[in-house]
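Asks: One structure is given below, represented as structure tokens, and several questions about it will come after.
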Amino acid sequence: MSEITLNTIISDPEVQSLIASADHNLEEIGYTEHGPRHLGVVAERARRIILGLGHSEREAELAAIAGHMHDIGNVVNRRQHALFGAVLARPILLRLGMDFDEANKIIAAIGNHHEGEGEPVSNISAALIIADKSDVHSSRVRASGDVVGDIHDRVNFAAVSSDIFIKNEGKTIGIEILIAPKVASVMEYFEIFLQRMHSSKVAAEYLGADFELIINGVKLA
Ligand SMILES: [Fe+2]
Ligand SMILES: [Fe+2]
């Protein structure tokens, strides 16, 4: 059985349609961007975490695939989108020729990625959680959004950049964010992101690492 790669998934018309429809639904209910930009960032960061911790190329590829597919469940409903996404992903992965065990790993990662509704069950699941929570960026705010009125938009809009980092030979995993304080205060950031940061910390611990959060150069956790 041939090994399915991220490129196989990206070029699949069914996956493309699910991603476009899911992102459209979220736009309709006023959520931030969850389309190809977000998925690309999450896939790349999930892969980087797995490789940075010294795990195999194949595990990194699976993490990237989970990253690309993790939000497709929004095509059904925002609530429980992680669970819906997992159930939707399995038949697609099997149709493309992935073996059962690898497909199981990916759907477990998808099904456990959302804060408050899941927890890390594998390395790729933990990597996906951190990669997803780390994507805070002004480009996620919809052009039609009312940035002033919505705290999620304001916090995303204020984020000039965000990225993950891995140091101390994989013993520390962190998220570094630059915020323009005139748009959102660091306090607002916490109001929104406390639970997400907690999820990231739990995921880092699963991976055997400490978690660091750096905002505007200041280490906060
Ligand atoms: Fe999600
Ligand atoms: Fe996401």
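The values are calculated or read from the model by the stated rules, or taken from the named source; none is laboratory data. A quick note: this is a predicted structure, and the numbers were derived from the prediction, not measured. Here the Cβ positions follow ideal geometry from the backbone for every residue, glycine too, while neighbour counts run over all protein chains shown.
Asks: Against the condition in contact (Cβ under 8 Å) with a residue 60 or more places away in the chain and among the hydrophobic types (A, V, I, L, M, F, W, C), how does residue 76 come out, does it pass? Walk me through how you get there before you give the answer.
Replies: On the way: in contact (Cβ under 8 Å) with a residue 60 or more places away in the chain: no; among the hydrophobic types (A, V, I, L, M, F, W, C): yes.
No; evaluated as a whole, the condition is false for this residue.
Asks: Another question, if that's okay. Considering only residues that are buried (at least 19 other Cβ atoms within 10 Å of the Cβ) and either free of Cβ contacts under 8 Å to residues at least 24 places away in the same chain or not small (Gly, Ala, Ser) (or both), which ones fall in region 13-32? Quick ask: steps written out before the conclusion?
Replies: Of all residues in region 13-32, those buried (at least 19 other Cβ atoms within 10 Å of the Cβ) come to 15, 18-19, 22-23, 26, 32.
If the condition is that a residue be buried (at least 19 other Cβ atoms within 10 Å of the Cβ) and either free of Cβ contacts under 8 Å to residues at least 24 places away in the same chain or not small (Gly, Ala, Ser) (or both), then 15, 18, 19, 23, 26, 32 are the ones that fit.
Asks: Hey, another quick one. Residues in region 89-109: is at least one buried (at least 17 other Cβ atoms within 10 Å of the Cβ), within 11 Å of ligand 1 (Cβ to nearest atom), under 15 Å from the mean Cα position of the chain (by Cα) and assigned to a helix (DSSP H, G or I)?
Replies: Among the residues of region 89-109, not one is buried (at least 17 other Cβ atoms within 10 Å of the Cβ), within 11 Å of ligand 1 (Cβ to nearest atom), under 15 Å from the mean Cα position of the chain (by Cα) and assigned to a helix (DSSP H, G or I), which makes the answer no.
Asks: State whether the residues of region 2-12 include one that is farther than 19 Å from residue 93 by Cα, more than 16 Å from ligand 2 (Cβ to nearest atom) and in a helix (DSSP H, G or I).
Replies: No - not one qualifying residue is present in region 2-12.
Asks: Which pairs have Cβ atoms under 6 Å, sit 6 or more apart or on different chains, and link a residue in region 195-211 that is hydroxyl-bearing (Ser, Thr, Tyr) to one that is not in a helix (DSSP H, G or I)?
Replies: Listed by first residue and then by second, the contacts come to 199/115; 200/211; 206/120.
Asks: Here is a follow-up. Would you mention how many residues in region 111-133 are part of a helix (DSSP H, G or I) and at pLDDT below 95?
Replies: First, the residues of region 111-133 that are part of a helix (DSSP H, G or I): 111, 123-133.
Among the residues that remain, those that are also at pLDDT below 95 are: 133.
Result for region 111-133: 1.
Asks: In addition: I'd like to verify a number: residues in region 36-87 that are within 17 Å of residue 134 (Cβ to Cβ), more than 12 Å from ligand 1 (Cβ to nearest atom) and not in a helix (DSSP H, G or I), how many?
Replies: The qualifying residues number 1.
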